[in-house]
Amino acid sequence: MEEYTIYTRQSVLGNLPPEKGPCGDAIYNKGTAPYVRASDTQTVAACFEIGSILSQLNQNPQGYDLTLPYDCGDGELKHKQINVLWGDEDHQTICMLRCDVTHIVNAEQSQRQVLENALTLAQEANRAKTEFLSAMSHDIRTPMNAIIGMTDLALDTEGKSPELTEYLGIIKNSSLHLLTLINDILDMSRIEKGQLTLEQTSFDLATEIDNFCSRYQLLMDKKQLHFKHSVELRHSSCIGDAAQLQRIWDNLLGNACKFTPSGGTVGFEVRELSPKSSKIGWYQFVISDTGIGIDRDSLPMLFDPFYRSHSVIDKHIEGSGLGLSIVKNIVDYKGGTITVASSPGEGTTFTVTVPLHFDMEPGQQDESLTGAAAAANFDFSGLTFLLVEYHPINQMVAELILEKTGAAVVIAANGADGVEKFTAAPPETFAAILMDIQMPVMNGYEAALAIRASRLPQSQSVPIIAMTANAFAEDIKNSLAAGMNAHIAKPIDPQKLYETLAEYL
């Protein structure tokens, strides 16, 4: 027969006999029910049935515990803990101990609240930092456009002394380096906000790799490095984001080149792994070098934002510490993996594995325009472009770049001014419109929509090209959604501008 025996504080201190009786529901009613809230009665009672207790003890031979919150009547919430364990080696007796743990639970809750408050403050501080860096980096692109644009124009000016040419070259290289840092900060801002987007377009992987290696061969030759690259592909026609893929290679191979002294070797191996399905292939990219290597303590933090290893800092090598973090995030977004193996003085090897969809119906690539065409080949004489640009120096830079092709330029200081100049001009006045985005009075999106909505003969056919510091995938989508035909990021690349105009003219 199953019986219960209850020892209370009063019975022990008063040397009184314990209360005994048949089990039934007594285990719950006598020892637990007074400390259970009405809303929890049914659930807790089930936990104290003999069958349930035996099942739990069989799963947890060392015992287990339950913590029950209860209202003692004065509005204060307290907590009782019930410890359940075997009372003898033969498992014929069950021992249950009850104690008040209110102070322990309250202390834990207070500590948890402190940690949650600290986490909230840290998240708010991180969000404020991210928003500040994003806004600052975006705003810096505007003067950077002026610096790079004016430097290019100065370099094209005849009659310069070799010394001045050297100075301008240093300004140009430093500006491009600063622009890279700005883009990295903007990208990290997008990543932290969960706004990284990957395009799904058709491309030929072998062609992308060949163009990439050809470009890097020049850099390797300049640094007197041996560049070894190999490609093993069964499927070359893929669907994915080729630009982000190239960014992964660019960051890793750029680092390999940066941290390998002259005479060293840099490797880039590409191989297609065994496919896991008929539609998706797995591709592995191995970037190796014989450079300075990475110390063991730095390896676990290598992909943290802004982290730079001691060897990099000690050698005063430039960098923001964001490149590898961005690479890691892109690889993660793609559903791939990245690993690193390195030893100081023995070089470093990064292995990236990413999935790419096979392109079952590869199309023909448009080769009507190539980046090799020189700006001198573009002649826009007799054409007039409407430049909608808020910043005076950027107005000057764009105007000078366009006038080099023989074109005439009409400038509008904001979106509203641009719409007014377009609607007031005779039909066919403007061959194309170059539209900034962030402007007072009316922004570029609103201006483009207003132009497309106007019922003038040329409102639907005139090419509108975004020319802006808003340089991300979602910005491009927003521009196209507003009725624009193309998107050019600042600082303005004259060659890209000429090619884009030629394509739509």
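The values are calculated or read from the model by the stated rules, or taken from the named source; none is laboratory data. Everything quoted here is computed from the prediction, not taken from an experiment. Don't worry about glycine lacking a Cβ; one is built from the backbone with ideal geometry, like all the others, and counts go over all protein chains shown.
Within segment 192-206, is even one residue at pLDDT 85 or above, of a type in the set (S, T, Y) and farther than 16 Å from R247 by Cα? Yes, segment 192-206 contains at least one residue that is at pLDDT 85 or above, of a type in the set (S, T, Y) and farther than 16 Å from R247 by Cα.
Can you name every residue in segment 25-69 that is small (G, A, S), at pLDDT below 70 and surrounded by 12 or more Cβ atoms within 10 Å (Cβ to Cβ)?
A26, G31, A33
Look at segment 396-419: where a residue is surrounded by 21 or more Cβ atoms within 10 Å (Cβ to Cβ) and a partner is of a type in the set (K, R) and in a helix (DSSP H, G or I), sitting 6+ places away or on another chain with Cβ atoms under 9 Å, you get A412/K421. Once segment 312-363 is narrowed to residues that are part of a loop (DSSP other than H, G, I, E, B) and under 27 Å from L233 (Cβ atoms), the residue that is modelled with the lowest pLDDT is G363.
In segment 206-237, how many residues are among the β-branched types (V, I, T) and assigned to a strand (DSSP E or B)?
Qualifying residue count for the region: 1.
Being in contact (Cβ under 8 Å) with a residue 24 or more places away in the chain and buried (at least 17 other Cβ atoms within 10 Å of the Cβ) is the requirement here; does I492 meet it? When the stated conditions are applied, I492 passes them. Note on segment 98-112: among residues that are of a type in the set (A, V, I, L, M, F, W, C) and not in a helix (DSSP H, G or I), the one that is surrounded by the fewest Cβ atoms within 10 Å (Cβ to Cβ) is C99. Across segment 260-311, the qualifying residues are those that are surrounded by 19 or more Cβ atoms within 10 Å (Cβ to Cβ) and in contact with a His (Cβ under 6 Å, 6 or more places away or on another chain), and the one among them that is modelled with the highest pLDDT is F268.
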